[in-house]
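Here is the structure we will look at.
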Amino acid sequence: MGCGWSEVKRIPYCVFRKVKRDTQYETRNTIKMQIVTKLDDLRKFRTSLTGTFGLVPTMGYLHDGHISLVKRAKEENDHVGVSIFVNPTQFGPNEDLSRYPRSLDRDLQLLSSAGADVVWTPTPEMVYPQNFQTHINVENVSQPLEGKHRPGHFRGVATVVAKLFNAFTPDRVYFGQKDAQQVVVIKQMARDLNFPLEIIVCPTLREADGLAMSSRNTYLNVEERKAATVLYRALTAAKESFTKGERDAETLRAIMSSAIAKESLAREEYVSAADPDTLAELNLIQNGVLLSMAARIGKTRLIDNFILP
């Protein structure tokens, strides 16, 4: 059974035996997962597959939220691909690119256990070769919220996701609801550029105390970790008011701000009660609402959101 490509790496539970051709490997184990670096190798493997294909884009340092996306993709498709790429173009000059957590060997073990068929781990030079000049700007929905506080972020996100769509040619792509604005931006891009795929949005996975799972949670010390639940508490307070009939968006924003202000280690960046599709701030909520926020807990920036009802 051929693993097939030159950039395949060994994973501990799978025993490989090299054959005469330098670009192919055989495995004596029925469990296999391709790990490729070169785009040509990814495309060769992709074209060898038949049936539906699901993609889960990630920046690595995986947690249960990522793995839940992979497992759902596995349930709904014949094959699943995952990208692990810390995308430099979506980080600002004073953000955490250099210290963003990485653990490739651990990630590969998790993905193999979850049933991924192929993992692409390109370098920045492969994704953005010398003289790279083309970027994607999604106009209106990328401007507020994260876009306002992280200029250029969604330009980097849209560009790399478009490249992932072209590289993997998936039928379905899986994202978590935690990055709510990212989902809106990518849906808009996919519609505008006629990508022939379906975007699946999966619920945010949370810790037992409500904190949304995030790779950046590892930055938090013990006291900051306790304080970080303020985002969930603020959203929950606004949700309870909404459930009781409150439809004034400014009142809900004030409830969230008040909850954050009570936590000494938290500093609000924004709170929002916006239209879930356009991300325009609402005055009177007539249908649904996206409650979202960003706050710094110590030096760590966290985001969270609820969609109501």
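Just one of the listed residues (Leu108, Leu164, Leu97, Leu104) is open to solvent by 50 Å² or more (accessible area, probe 1.4 Å), within 30 Å of Ser48 (Cα to Cα) and aliphatic (A, V, I, L, M), and it is Leu104.
Of all residue pairs spaced 6 or more apart or on separate chains, those with beta-carbon atoms under 9 Å, a first member in the range 216-230 that is without any contact (Cβ under 8 Å) to a residue 24 or more places away in the chain and over 18 Å from Pro101 (Cα atoms) and a second member that is acidic (Asp, Glu) and outside any helix (DSSP H, G or I) are Lys226/Asp209; Thr229/Glu207; Thr229/Asp209; Thr229/Glu263.
Pairs are defined by a Cβ separation below 6 Å, a sequence spacing of at least 6 or placement on different chains, a first member in the range 47-75 that is more than 11 Å from Asp117 (Cβ to Cβ) and modelled with pLDDT under 95, and a second member that is outside any helix (DSSP H, G or I) and open to solvent by less than 50 Å² (accessible area, probe 1.4 Å); no pair meets this definition. Among the residues of the range 193-234, those that are acidic (Asp, Glu), under 19 Å from Ile297 (Cα atoms) and out of contact with any Gly (no Cβ under 7 Å at 6 or more places or on another chain) comprise Glu207, Asp209, Glu223. Of the residues contained in the range 202-225, none is found to be in contact with a Cys (Cβ under 8 Å, 6 or more places away or on another chain), of a type in the set (Gly, Ala, Ser) and either surrounded by 19 or more Cβ atoms within 10 Å (Cβ to Cβ) or modelled with pLDDT under 95 (or both).
Answer with yes or no whether Gly152 is small (Gly, Ala, Ser) and either in contact with a Phe, Trp or Tyr (Cβ under 8 Å, 6 or more places away or on another chain) or open to solvent by less than 20 Å² (accessible area, probe 1.4 Å) (or both). Answer is no for this residue. The set of residues in the range 265-297 that are open to solvent by 40 Å² or more (accessible area, probe 1.4 Å) and either of a type outside the set (D, E, K, R) or closer than 16 Å to Lys239 by Cα (or both) comprises Leu265, Asp275, Thr278, Ala280, Asn283, Leu284, Gln286, Asn287.
For Lys178, the criteria (1) crowded, with 16+ Cβ neighbours inside 10 Å; (2) basic (Lys, Arg); (3) farther than 17 Å from Met293 by Cβ hold in every case but one, which is (3). The set of residues from the range 123-175 being of a type in the set (A, V, I, L, M) and either modelled with pLDDT under 95 or assigned to a helix (DSSP H, G or I) (or both) comprises Met126, Val127, Val141, Val157, Ala158, Val160, Val161, Ala162, Leu164, Ala167.
The values are calculated or read from the model by the stated rules, or taken from the named source; none is laboratory data. Please read all numbers here as calculations on a predicted model, not as lab measurements. Heads up, the Cβs are rebuilt from the backbone with ideal geometry, glycines too, and the neighbour counts pull from every protein chain shown. Accessible surface areas use protein heavy atoms only, side chains included; no ligands, DNA or RNA. Shrake-Rupley method; radii C 1.70, N 1.55, O 1.52, S 1.80 Å.
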